[in-house]
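Q: Mind looking over this structure? Questions follow.
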Amino acid sequence: MSAMLISNLSSSRFFLTGFPGLEGYYPWVSVPFSLTYAVVFLGNCVVLHVVWTEPSLHEPMFYFLAMLALTDLSMGLSTVHTVLGVLLGFIQEVSLDSCVAQSYFIHGLSFMESSVLLAMSFDRYIAICNPLCYSSILTNDKIMKIGVTILCRSFLLHPPVIISLKFLNYCHPHILSHSFCLHQDLIRTACSDIQFNYIYGLALVISTLLLDAVLILISYVMILHTVLAIASREERIKSLQTCMSHICAVLIFYIPIIGLTMVHRFGKNLSPLVQVLMGNVYILSLP
């Protein structure tokens with residue numbers, strides 16, 4: 001009986017909403033979406049190529065930048081095919097297995113993005129607050145260990161909550177509110193007990209995304225304190241300029257993800273199109 005139940009669940013199909021109300025404009029919507037993705041895809045490839053081939057860039061900050069670019073490329077590859085499939089009309093539904101796999105990569109890569117941004121803030125803190133020990137603290141060996149830790153933290157913590165999706169009973173309409181699969185979208189269609197998903201998911205978000213955001217904020221408070229103690233105005237500006245690209249990356253990552261979370265939790269009265277647009281802004285903002 002249990003084997004038959006799992007087999008039936010695995011064959012479940014989920015319908016991707018797309019962009020409600022814009023169905024007649026899908027071919028036109030696909031053009032700017034494709035161009036935007038092509039630009040960010042090529043941009044990340046250029047970053048990886050330059051960091052790989054230029055010996056002068058073989059430094060901790062650029063290694064972390066390469067990790068960020070690789071994460072962004074992976075996020076695009078795991079999501080854009082279903083979004084373009086919906087827009088171009090050759091994908092309307094996905095299997096439970098495919099949905100669970102896509103959800104795993106989306107959430108895992110989001111945690112990885114956050115972890116890399118935290119590592120970059122640590123790099124900026126050491127570079128500005130303790131520059132004389134920079135090269136001795138961030139050695140290649142330590143950077144490799146940080147990279148392995150980031151991978152383990154991103155992809156080994158959330159499998160329990162993602163795997164549990166395979167064993168839920170989906171009795172509500174199998175309609176997802178995006179053109180890709182998210183954990184919070186899937187559990188809305190379930191009529192099983194999802195308390196574990198809520199509790200574990202919330203604990204995971206607090207211990208990763210929220211904790212990373214707090215630590216990044218603390219690092220910049222300490223950086224600002226150090227910079228303000230510098231006598232020369234030119235040196236203060238120069239020090240802050242080295243952080244601007246990282247600050248922009250942090251804002252680009254956290255603002256859409258906070259907005260998407262707020263819309264999912266408190267935007268039940270909003271138009272479905274708002275949720276879809278916020279989701280796609282989140283996916284495109286990562287690269």
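The values are calculated or read from the model by the stated rules, or taken from the named source; none is laboratory data. Since this is a predicted model, take the numbers as computed values, not measurements. All Cβ positions, even for glycine, are placed from backbone atoms using ideal geometry, and neighbour counts span all protein chains on display.
Q: I'd like the residue in segment 230-252 that is of a type outside the set (S, T, N, Q) and outside any helix (DSSP H, G or I) and, out of all such residues, is nearest to the chain's Cα centre (by Cα).
A: ILE230
Q: Of all residues being modelled with pLDDT of 75 or more and of a type outside the set (A, V, I, L, M, F, W, C) in segment 1-20, which is nearest to ILE252 (Cα to Cα)? Just the residue, please.
A: Residues of segment 1-20 modelled with pLDDT of 75 or more: 12-20.
Checking the rest, the ones that are also of a type outside the set (A, V, I, L, M, F, W, C) come to 12-13, 17-18, 20.
Values: SER12: 35, ARG13: 33, THR17: 25, GLY18: 23, PRO20: 25 Å.
Only one residue tops the list, namely GLY18.
Q: Okay, next question. Among the residues of segment 86-117, count how many are touching a Ser or Thr at 6+ places or on another chain (Cβ under 9 Å), closer than 19 Å to THR17 by Cα and without any contact (Cβ under 8 Å) to a residue 60 or more places away in the chain.
A: 1
Q: Just checking, how many residues over segment 172-224 are in contact with a Cys (Cβ under 7 Å, 6 or more places away or on another chain) and under 28 Å from LEU84 (Cα atoms)? Let's see the steps before the verdict.
A: Quick first cut of segment 172-224, residues in contact with a Cys (Cβ under 7 Å, 6 or more places away or on another chain) only: 172, 181, 186, 191, 222-223.
So of that shortlist, the ones also under 28 Å from LEU84 (Cα atoms) come out as 172, 181, 186.
Result for segment 172-224: 3.
Q: Among the residues of segment 53-71, is there at least one that is among the small types (Gly, Ala, Ser), under 21 Å from TYR134 (Cα atoms), buried (at least 16 other Cβ atoms within 10 Å of the Cβ) and touching a Leu at 6+ places or on another chain (Cβ under 9 Å)? I'd like the intermediate steps shown before the answer.
A: Of all residues in segment 53-71, those among the small types (Gly, Ala, Ser) come to 56, 66, 69.
Then keep just the ones that are under 21 Å from TYR134 (Cα atoms); that gives 56, 66.
Among the residues that remain, those that are also buried (at least 16 other Cβ atoms within 10 Å of the Cβ) are: 66.
Subset that is touching a Leu at 6+ places or on another chain (Cβ under 9 Å): 66.
Yes, that holds for at least one residue.
Q: A further question on this structure: Residue check: is LEU42 under 20 Å from the mean Cα position of the chain (by Cα), loosely packed, with under 12 Cβ neighbours inside 10 Å and of a type outside the set (Gly, Ala, Ser)?
A: Details: under 20 Å from the mean Cα position of the chain (by Cα): yes; loosely packed, with under 12 Cβ neighbours inside 10 Å: yes; of a type outside the set (Gly, Ala, Ser): yes.
Considered against the rule, which asks whether it is under 20 Å from the mean Cα position of the chain (by Cα), loosely packed, with under 12 Cβ neighbours inside 10 Å and of a type outside the set (Gly, Ala, Ser), LEU42 comes out as yes.
Q: With respect to the numbered conditions (1) modelled with pLDDT of 90 or more; (2) over 22 Å from MET278 (Cβ atoms), which one is the sole condition not fulfilled by ASN130?
A: It is condition (1) that ASN130 fails.
Q: I'd like the residue in segment 133-172 that is of a type outside the set (A, V, I, L, M), in contact (Cβ under 8 Å) with a residue 60 or more places away in the chain and not in a helix (DSSP H, G or I) and, out of all such residues, is nearest to GLY279 (Cα to Cα).
A: Looking at the filtered set, the residue picked out is TYR170.
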